[in-house]
Each structure stands twice: as structure tokens, then as C-alpha cells.
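Novice: Next up is a structure, given as C-alpha cells.
The values are calculated or read from the model by the stated rules, or taken from the named source; none is laboratory data. Since the model is a prediction, treat every value here as computed from it, not as a measurement. Cβ: placed from backbone, ideal geometry, glycine included. Neighbour counts: every protein chain shown.
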Amino acid sequence: MTYCVGLMLDAGMVLLSDTRTNAGLDNIATYRKMFTFEEQGERVVAIMTAGSLSVTQTTLARLQEAIDDNEADHTTSIMQANTMLQVAEIVGRSLSDVTAEVSAKMERMSQKASASMIVAGQRAGGTMRMFLVYPEGNFIEATPDTPFLQIGEHKYGKPILDRVVRPETSLIDAQKAALLSMDSTLRSNLSVGMPLDMTIIEKDALKVSSQTRIEAEDPAFARMSRDWSEALRAAFTRIETYAAPEPKGQENT
């Protein structure tokens, strides 16, 4: 399993993914799930992946092949697409095709294979956009009402995002929210694991503003995790215990 989260804010985008891949408790490995493509000043595209490794790696290989193809055009290459919507459509078609091909082979062994992706970025003359692409190739888009998207093991990290993240949230606070969302997931699900990859794309920068790999022994992340646990315990202690109202007496009839 995995956990990836993307936050789309007025100031830019924050993208965070883990790197754990497992096929059973005794077969755990580390694979990058964050991929970036950029032509500085023209466009930047980031893709995060969750699900079957064979599906995601094949899809990304085909996307890269299309980028390198001298005969590629705006309908086949994410680096030539006219809009971010077209980028999402290209990724969706490729993901759907690969999912169908791999699933057909896996069904012979009574197994299934699927994957999902978060596609985010901006091109010159366009706005920032972020999409969650499903295995079938269809997708949904982040909006001001819900300015974040998640794939993989998302349920543990969602509560803090629901309570904290708004379009006006700063990039600094958004990084904190994403990392605490990841920390909650790491604590509750062993199929999600370090190291983490974090990418920041500032609005209208048309390039990757920063990329960071956070290792398991990273002291700043460990301190943030510890402080978050202590803050939750302190808040729990301060909250007044719920006192159920006493039942009203029943009138004689």
C-alpha cells in the first residue's frame, strides 16, 4: 500500500508521498512514487502513484516514451499538451490501457491489478490544477471547497486536512499539515513507510520550487511527530468530559 497527498493552495502546491511497497509482510521494498517533469518557464507536471507497481511503472514508462518521441504531439505527450486538463486525459488514457492489459494477464491467476495517480501542475498562460486519476482513466479535480487529494491508505491522514487546510493556507503551514497527515498514517498502517518525498511548486513558478527526501532518522520530522503527539494528549486532557443529561422523569398517565 502507500499514501500520497496533494494540497492545492492559493500560493502553490504541496505534494507528499511515502516510498514503501509491499507484497506481503516478508516482501517489503522502497520505490519512488513521486515523479516530476518540467520545462522551466513553460510547464511543470508532477505525478504521484499508488497501487500495483507493475501498472504504475509501465504507465510512467509509456508517458516518458511519448515525451521522448520525436513524432509526439499535444494529444500524446504530457509535455506538449495544451492544458493541464489534457495532461490528465493523457495520463488517464495510458493508465486505463495499462490497467486493462495487466489485469487481463492477472485474471488468469485469479489476481487483480489496479492503480491510481495524482496529477498536478501548471503550464504557461494557465492556472494550477490537480487531478486524481482512477484506474479506469476518469478523474476528479481539487477545488477550493476541497483543496487536497489523496490516494492509497488515506483514511488516517484525512481528519487533520479536513480541519486545517484551506485555499489561503500558507505553503509553510501546508507542509506541516501534509507531514502530520503522513505521520498519522505511518503510526496506524505498517504498509506505509519512510523515506518520504516532498515537492513544492509555487504558483506561476513553472518549475519545481523544492524537492526533499525525508529519511527515517530525520530529526526535524521526528521532533514534529513527537510534538504532535504531545499536543494531542494535552488537548485531550483539557477537553471537558462529556456529561450525559439526566433522563427526564416520566409523567404518570
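Novice: Just one of L179, L196 is touching a residue at least 40 places away in the same chain (Cβ under 8 Å) and touching a strand residue (DSSP E or B) at 6+ places or on another chain (Cβ under 6 Å); which is it?
Specialist: L196
Novice: Considering only residues that are crowded, with 24+ Cβ neighbours inside 10 Å, of a type outside the set (S, T, Y) and more than 9 Å from the chain's Cα centre (by Cα), which ones fall in the stretch 1-17? Break it down stepwise before answering.
Specialist: Step one: of the stretch 1-17, the residues crowded, with 24+ Cβ neighbours inside 10 Å are 2-8, 13-17.
Those still in the list that are of a type outside the set (S, T, Y) too: 4-8, 13-16.
Scanning the stretch 1-17 gives M8, M13, V14.
Novice: Related question: Could you list all residues from the stretch 208-233 that are under 14 Å from S184 (Cβ atoms) and touching a helix residue (DSSP H, G or I) at 6+ places or on another chain (Cβ under 7 Å)?
Specialist: F221, M224, S225, W228
Novice: Out of everything in the stretch 206-223 that is buried (at least 17 other Cβ atoms within 10 Å of the Cβ) and among the aliphatic types (A, V, I, L, M), what residue ends up being farthest from Y31 (Cα to Cα)?
Specialist: L206
Novice: Out of all the residues in the stretch 26-63, which are under 17 Å from V98 (Cα atoms) and over 20 Å from the mean Cα position of the chain (by Cα)?
Specialist: R62
Novice: Moving on to the next point. Answer yes if at least one residue in the stretch 130-146 is buried (at least 17 other Cβ atoms within 10 Å of the Cβ) and over 20 Å from G51 (Cβ atoms), and no otherwise. Quick ask: steps written out before the conclusion?
Specialist: Residues of the stretch 130-146 buried (at least 17 other Cβ atoms within 10 Å of the Cβ): 130-135, 137, 139, 142.
So of that shortlist, the ones also over 20 Å from G51 (Cβ atoms) come out as none.
No, every residue in the stretch 130-146 fails to be buried (at least 17 other Cβ atoms within 10 Å of the Cβ) and over 20 Å from G51 (Cβ atoms).
Novice: Inspect all residues belonging to the stretch 65-85 and state whether any of them is touching a residue at least 24 places away in the same chain (Cβ under 8 Å), among the aliphatic types (A, V, I, L, M) and under 30 Å from S184 (Cβ atoms).
Specialist: Yes, there is a match, as at least one residue in the stretch 65-85 is touching a residue at least 24 places away in the same chain (Cβ under 8 Å), among the aliphatic types (A, V, I, L, M) and under 30 Å from S184 (Cβ atoms).
Novice: What strands (runs of 3 or more DSSP E) lie completely within the stretch 4-94 and have 3 or more residues being modelled with pLDDT of 95 or more?
Specialist: Filter on the stretch 4-94 gives 12-17, 34-39, 43-51.
Novice: Given D218, D204, which one is out of contact with any Ser or Thr (no Cβ under 7 Å at 6 or more places or on another chain) and at positive phi?
Specialist: Among D218, D204, only D204 is out of contact with any Ser or Thr (no Cβ under 7 Å at 6 or more places or on another chain) and at positive phi.
Novice: Just give me the residues in the stretch 148-173 being in contact (Cβ under 8 Å) with a residue 60 or more places away in the chain, more than 14 Å from C4 (Cα to Cα) and of a type in the set (A, V, I, L, M, F, W, C), in sequence order.
Specialist: V165, L171
Novice: Collect the residues in the stretch 91-107 that are in contact with a strand residue (DSSP E or B) (Cβ under 6 Å, 6 or more places away or on another chain) and among the small types (G, A, S), keeping them in residue-number order.
Specialist: Passing the criteria: only G92.
Novice: Considering each of T99, T58 in turn, give the residue that is surrounded by fewer than 23 Cβ atoms within 10 Å (Cβ to Cβ), in contact with a helix residue (DSSP H, G or I) (Cβ under 9 Å, 6 or more places away or on another chain) and either under 24 Å from F148 (Cβ atoms) or of a type outside the set (A, V, I, L, M) (or both).
Specialist: T58
Novice: For the stretch 186-205, state whether one or more residues are among the small types (G, A, S), surrounded by 17 or more Cβ atoms within 10 Å (Cβ to Cβ) and farther than 30 Å from T83 by Cα.
Specialist: Yes: the stretch 186-205 contains one or more residues that are among the small types (G, A, S), surrounded by 17 or more Cβ atoms within 10 Å (Cβ to Cβ) and farther than 30 Å from T83 by Cα.
Novice: Which numbered condition trips up K112, out of (1) assigned to a strand (DSSP E or B); (2) at pLDDT below 95?
Specialist: Against the list (1) assigned to a strand (DSSP E or B); (2) at pLDDT below 95, K112 comes up short only on (1).
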